[in-house]
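The values are calculated or read from the model by the stated rules, or taken from the named source; none is laboratory data. The structure displayed is predicted, hence computed values, not measured ones. Here the Cβ positions follow ideal geometry from the backbone for every residue, glycine too, while neighbour counts run over all protein chains shown. These accessible areas exclude ligands, DNA and RNA; they are computed on the full protein's heavy atoms, side chains included. Shrake-Rupley method; radii C 1.70, N 1.55, O 1.52, S 1.80 Å.
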Amino acid sequence: MTTPALLPLSGRRIPTLSPGASSFPHHRATLRLSEKFILLLILSAFITLCFGAFFFLPDNSKHKRFDLGLEDVLIPHIDSPKEGKHASGQVVIHGQGGHDEHRHREEEESLRDKIRADHERALQEAKEKLRKSREELQAEIQTEKNKVMEDLKKKDAGPKPLPPVPMPKVVGVSDGEPPEPDAKEKRDKIREMMKHAWDSYRQYGWGHNELKPLAKKGHSTNIFGNSQLGATIVDALDTLYIMGLHEEFKDGQEWIEQNLDFGVNAEVSVFEVNIRFIGGLLAAYYLSGQEVFKLKAVQLAEKLLPAFNTPTGIPWAMVNLKSGVGRNWGWASAGSSILAEFGTLHMEFVHLTYLTGNPAYYQKVMHIRKLLAKMDRPNGLYPNYLNPRTGRWGQHHTSVGGLGDSFYEYLLKAWLMSDKTDTEARKTYDDAIEAIERHLIRKSNGGLTFIGEWKNGHLERKMGHLACFAGGMFALGADGSPDDKAGHYLQLGAEIAHTCHESYDRTVLKLGPEAFKFDSGLEAVAVRQNEKYYILRPEVIETYWYMWRFTHDPKYRQWGWEAAQAIDKYCRVSGGFSGVKDVYSSNPTYDDVQQSFFLAETLKYLYLLFSSDDLMPFESWVFNTEAHPLPVLHLGNITLPGSEPAQR
Ligand code: DMJ
């Protein structure tokens, strides 16, 4: 019998199997690689089964009596300390009486029969497979392929349709035109700044995450991984909506409908993606009622869930949107997750459960809260680092600025967003703030109240721009604070606002530095070169807005206007707005980045500062940490799936 060396298959030529090497009836059949692979699989399954049979035998002591020639392998050696326990077990078995002997023999018999039967069945199955014709095998492969295609299609079709849920009462989405002509004029100017930022991004960076306003091209940072997810579009949507820039909003919506795809191979920051994308999409949904935003938010949220697959349930800082593999920042204390990152998910995740009926989101964030509640807190403070593998704190650093900030903010806002029913969140916030006041908040020699940073039992007399948001937080939390301390917290908010304003006022550009000191005769000024930059951050203006809403003291509008003018004067370029590297220099250089939060937060807070209070009132809306408004959920009337007490 001659066997052609090669037969053409699908345009490729591959060698045949040697006929003498197998019981394959169609000796001359040529096998494709996939078929060979199946055969190999079958054979290896068969071999595995043979070996597996031995390994699954119930007790080592019984194996000894099998005439399989494997005693030496299966019976532990007496001199092995790890296996000494098994050896002593053997002695006990050998010491049994005749009845036991008989029983053992029977068991062995039946076990041997079982193995024999298994072998025969496997052999039979293997033979049947091998007997199949090439066509049959091809048909099987095709069926498998079809199944895979079907699964893929199902995946592409996106999540199952979401259950209908009542839209929370959306009030205060009004024009908010202020009665004062001066405020109206200023508000128009802020809207014009937003137009310039948006149009520049539209022209030069469309679809990229951010914009390089000097180079006039797209920009991105590692928080978005290697992706083009249009972060600026998503972050800016609700600001556009609130400002009545509806054409621009529609443009953004269209881009999202046609281009926003989260199945990309990009390792993103769970925190940043949550606050900017999920927060932004949810806010756009609640404001406009357009389903696409809700669907996209849910699709993205599903991609973030694998980040919670850690030994403790404390999520990784980063997750790959495609593979679901998570990890932490290399710089974070011995592989730790960060308080302000895993502690800033609650608002969005509660809304996700509300909108999808899927309890997973709510349960994930409640698990984090419960875990934290059980932990010891040095001096009542929450350290910024927590190891997701061990569940232990990393370095004992505490801060209300970067790494800690929005954890405290979300405790307060969880309570507000639940229509003040989540009293556990409120209590946790109150306790945390009490410890912060005791250990971190001080008055400088010049009478400026500041929030320092706690580092291993030592207070660093330095405050970050990021910590300036806390003025607004204290004011927002004043009502409802324990021991009738509402006045105290409103005052504390005012003092922080004043200090942060000083940090702006003591610079050449009237823009605040990234961090400022209260040490060695210094008051609210930056010392190190790498702390002198301003990157279009919102926190100081955010505090002005909250203070304005609670006090209507005109100085807050005045301070906000000073900041707006400085931004327009020193950060505006023909291609958008840029951060500056040194606020103490009259001739600053640009960092050439238009941050997405400039459109999401800085300009939105400025606009609201010059609007009337009936636009987005606090009774109905709570702003997430990226200034995306989410409606208050009247949880007195709603039960979130997963929040019900466990059934007995
Ligand atoms: C924003 O992305 C959010 O406010 C976050 O909580 C921290 N700060 C940046 C802007 O400064």
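Structure summary
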| quantity | calculated |
| --- | --- |
| Boolean, Leu416 is open to solvent by 40 Å² or more (accessible area, probe 1.4 Å), of a type in the set (A, V, I, L, M) and out of contact with any Pro (no Cβ under 6 Å at 6 or more places or on another chain) | no |
| Sole residue being crowded, with 21+ Cβ neighbours inside 10 Å, under 30 Å from Met193 (Cβ atoms) and of a type outside the set (Phe, Trp, Tyr), chosen from Leu300, Leu245 | Leu300 |
| Among (1) more than 16 Å from Ile256 (Cβ to Cβ); (2) in a helix (DSSP H, G or I); (3) in contact with a Pro (Cβ under 6 Å, 6 or more places away or on another chain), the one test that Ala283 misses | (1) |
| Flag if Gln363 is under 24 Å from Gly263 (Cβ atoms) and either in contact with a Cys (Cβ under 6 Å, 6 or more places away or on another chain) or surrounded by 15 or more Cβ atoms within 10 Å (Cβ to Cβ) (or both) | no |
| Restricting the range 213-224 to residues that are assigned to a loop (DSSP other than H, G, I, E, B) and in contact with an Asp or Glu (Cβ under 8 Å, 6 or more places away or on another chain), the residue that is farthest from Arg572 (Cα to Cα) | Thr221 |
| Set Thr423, Thr390, Thr428: member being out of contact with any Asp or Glu (no Cβ under 8 Å at 6 or more places or on another chain), open to solvent by 20 Å² or more (accessible area, probe 1.4 Å), among the β-branched types (Val, Ile, Thr) and more than 23 Å from Phe271 (Cα to Cα) | Thr423 |
| Filter pass, Glu523 being open to solvent by 10 Å² or more (accessible area, probe 1.4 Å) and not in a helix (DSSP H, G or I) | yes |
| Check on Gly324, part of a loop (DSSP other than H, G, I, E, B), at pLDDT 95 or above, away from the ligand (no atom under 16 Å from the Cβ) and under 30 Å from His634 (Cα atoms) | no |
| Count of residues meeting criterion [closer than 25 Å to Gly447 by Cα, aliphatic (A, V, I, L, M) and within 11 Å of the ligand (Cβ to nearest atom)] in the range 523-545 | 2 |
| Residue list for the range 463-517, filter: more than 16 Å from the ligand (Cβ to nearest atom), open to solvent by 10 Å² or more (accessible area, probe 1.4 Å) and closer than 21 Å to Asp422 by Cα | Asp479, Gly480, Ser481, Pro482, Asp483, Asp484, Lys485, Ala486, Tyr489 |
| Filtered residues of the range 256-269 (kept if among the aliphatic types (A, V, I, L, M) and surrounded by fewer than 24 Cβ atoms within 10 Å (Cβ to Cβ)) | Ile256, Leu260, Val264, Ala266 |
| Residue in the range 358-367 that is polar (S, T, N, Q), touching a strand residue (DSSP E or B) at 6+ places or on another chain (Cβ under 8 Å) and at pLDDT 95 or above present | no |
| Matching entry among Gly207, Gly172 (being under 38 Å from the mean Cα position of the chain (by Cα), under 30 Å from His634 (Cβ atoms) and open to solvent by less than 60 Å² (accessible area, probe 1.4 Å)) | Gly172 |
| Among residues of the range 110-126, those that are modelled with pLDDT of 75 or more and either open to solvent by 90 Å² or more (accessible area, probe 1.4 Å) or of a type in the set (S, T, N, Q) (or both), counted | 6 |
| Tally of residues being hydrophobic (A, V, I, L, M, F, W, C), open to solvent by 40 Å² or more (accessible area, probe 1.4 Å) and touching a Gly at 6+ places or on another chain (Cβ under 8 Å) across the range 303-336 | 1 |
| Inter-residue pairs, beta-carbon under 6 Å, first touching a residue at least 24 places away in the same chain (Cβ under 8 Å) and in the range 532-550, second within 11 Å of the ligand (Cβ to nearest atom) and among the acidic types (Asp, Glu), 6+ apart | Tyr533/Glu514; Pro538/Glu601 |
| Pairs, first modelled with pLDDT of 75 or more in the range 625-640, second part of a loop (DSSP other than H, G, I, E, B) and within 16 Å of the ligand (Cβ to nearest atom), C-beta under 8 Å, six or more apart | Thr625/Thr344; Ala627/Pro538; Leu630/Asn624 |
| Members of the range 546-602 found to be away from the ligand (no atom under 16 Å from the Cβ), within 30 Å of the chain's Cα centre (by Cα) and within 23 Å of Gly280 (Cβ to Cβ), listed by number | Gly576 |
| Residue within the range 238-259 that is within 16 Å of the ligand (Cβ to nearest atom), touching a residue at least 12 places away in the same chain (Cβ under 8 Å) and in contact with a helix residue (DSSP H, G or I) (Cβ under 8 Å, 6 or more places away or on another chain) present | yes |
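Yes or no, residue by residue, for (1) among the basic types (Lys, Arg); (2) in a loop (DSSP other than H, G, I, E, B); (3) touching a strand residue (DSSP E or B) at 6+ places or on another chain (Cβ under 8 Å):
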site: Ile190; (1), (2), (3): no, no, no
site: Ala197; (1), (2), (3): no, no, yes
site: Gly207; (1), (2), (3): no, yes, yes
site: Leu211; (1), (2), (3): no, no, yes
site: Asn226; (1), (2), (3): no, yes, yes
site: Gly244; (1), (2), (3): no, yes, no
site: Asp251; (1), (2), (3): no, no, no
site: Glu257; (1), (2), (3): no, no, no
site: Phe262; (1), (2), (3): no, yes, no
